[in-house]
1. Using beta carbons and a limit of 9 Å, which pairs, at least six apart or on different chains, have the first residue in region 122-143 and farther than 24 Å from F229 by Cα and the second one charged (D, E, K, R) and open to solvent by less than 100 Å² (accessible area, probe 1.4 Å)?
2. Does R135 fit the bill of being in contact with a Leu (Cβ under 8 Å, 6 or more places away or on another chain), open to solvent by 60 Å² or more (accessible area, probe 1.4 Å) and either within 25 Å of Y198 (Cα to Cα) or at pLDDT 90 or above (or both)?
3. Of the numbered conditions (1) surrounded by fewer than 17 Cβ atoms within 10 Å (Cβ to Cβ); (2) in contact with a Ser or Thr (Cβ under 9 Å, 6 or more places away or on another chain), S273 fails exactly one; give the number of that condition.
4. Within region 93-111, can one find any residue that is on the phi < 0 side of the Ramachandran plot, touching a residue at least 12 places away in the same chain (Cβ under 8 Å) and either in a loop (DSSP other than H, G, I, E, B) or open to solvent by 90 Å² or more (accessible area, probe 1.4 Å) (or both)?
5. Only residues that are assigned to a helix (DSSP H, G or I) and more than 20 Å from G199 (Cβ to Cβ): list them for region 239-275, please.
6. I'd like to verify a number: residues in region 242-261 that are of a type in the set (A, V, I, L, M), crowded, with 21+ Cβ neighbours inside 10 Å and within 20 Å of A186 (Cβ to Cβ), how many?
7. Does F196 fit the bill of being open to solvent by 30 Å² or more (accessible area, probe 1.4 Å), touching a helix residue (DSSP H, G or I) at 6+ places or on another chain (Cβ under 8 Å), closer than 14 Å to L122 by Cβ and among the hydrophobic types (A, V, I, L, M, F, W, C)?
8. Can you tell me how many residues in region 144-173 are surrounded by fewer than 16 Cβ atoms within 10 Å (Cβ to Cβ) and assigned to a loop (DSSP other than H, G, I, E, B)?
Amino acid sequence: MTTTRPAPAASRPPEQREQRRDVGRPPGLTKRILARREARIGLFFVLPAFLLFLAFRFGPALAGVGLSFFDYDISGELDWKGVGNFQRMFADPVFWQALRVTLIYSVLAVPISVALSIAMALGVRRAFRGSRIFRSVFFLPVITSLVLAGAIFKWIFSSDGPWSTLMTPLGLGGSWLNSTVLVIPALVIVGVWSRFGYGMLIVIAALQDVPRELEEAALMDGASAWARFRFIVLPYLKPTVFFLAVIETTASFQVFDLVYVMTQGGPAHGSYSLVYMLYDQGFKYTDYGYAAAIGVALFVMTLVVALIQRRVIGRQK
């Protein structure tokens, strides 16, 4: 009679070795060990794509920050300047004019865009005949090319365009794009038109979380529409309003397409935004170090404004 000895551990299949190793362990501990092992394997496969994402997402930003401390032009020579580019920027009257234009545009565009998004969302939140058509029409400008929209609105705001004809009885006829006073409001109108549909959809999604029972109870108690909005709807929309304020502020600080197509920064730098100045310095004058310094200043300004908005609007959930 022959007896078979168990195969050595090294010659056993991996499955049998794992089974012998897990003998005596609680089932929950074994599952956690396997889950951690699978997670490490998954991270190993995701790591190359993640590193590429970091390189292409943050690499140019870090390179831009480093470039702001150098004098770098089309010749390709790097000369250390330290904070010289920033000193030049703060002493440049064109920079302060561009900052003024950017702030005025943002102060006008952001509140109007957020308010219009909320108003349109409240108007189409309930399902009624044609509500989907209205939502689609309101969202259509979001997916419209800003270059195409800018070319069309350039004709609309011209001296022979329909806007001039409409505004003539009010004493505001003529080309708004040739007026240093009216050029920014013209850009604000186009900017708000192109973006409020996106905010409207976000607000519509947030309105789904507002309890219908509270609104119905307030309506039965005789509360007005404004009171229901102020005391019931608005508190639930506060995180959404903060989110919209941040993304609209970021978009308004980066306004470039409309300026490039409609005004080219004119008249007399009346619509010369910071991003357009960055474009001029980098691609027209090939002063890359100075352009990078403007970009850093724009980033810091956007971050500071977002933190202020977080404290004023978003400190309560």
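The values are calculated or read from the model by the stated rules, or taken from the named source; none is laboratory data. Note that this is a predicted model, so its numbers are computed, not measured. So basically every Cβ, Gly included, is an ideal-geometry build from the backbone, and we count neighbours across all protein chains shown. These accessible areas exclude ligands, DNA and RNA; they are computed on the full protein's heavy atoms, side chains included. Shrake-Rupley method; radii C 1.70, N 1.55, O 1.52, S 1.80 Å.
1. Hits for this filter: P141/R195; V142/R195.
2. yes
3. Only one criterion is unmet by S273, namely (1).
4. There is no residue in region 93-111 that is on the phi < 0 side of the Ramachandran plot, touching a residue at least 12 places away in the same chain (Cβ under 8 Å) and either in a loop (DSSP other than H, G, I, E, B) or open to solvent by 90 Å² or more (accessible area, probe 1.4 Å) (or both).
5. V259, Y260, V261, M262, T263, L274, V275
6. 3
7. Here the answer is no, as F196 does not meet what is asked.
8. 7
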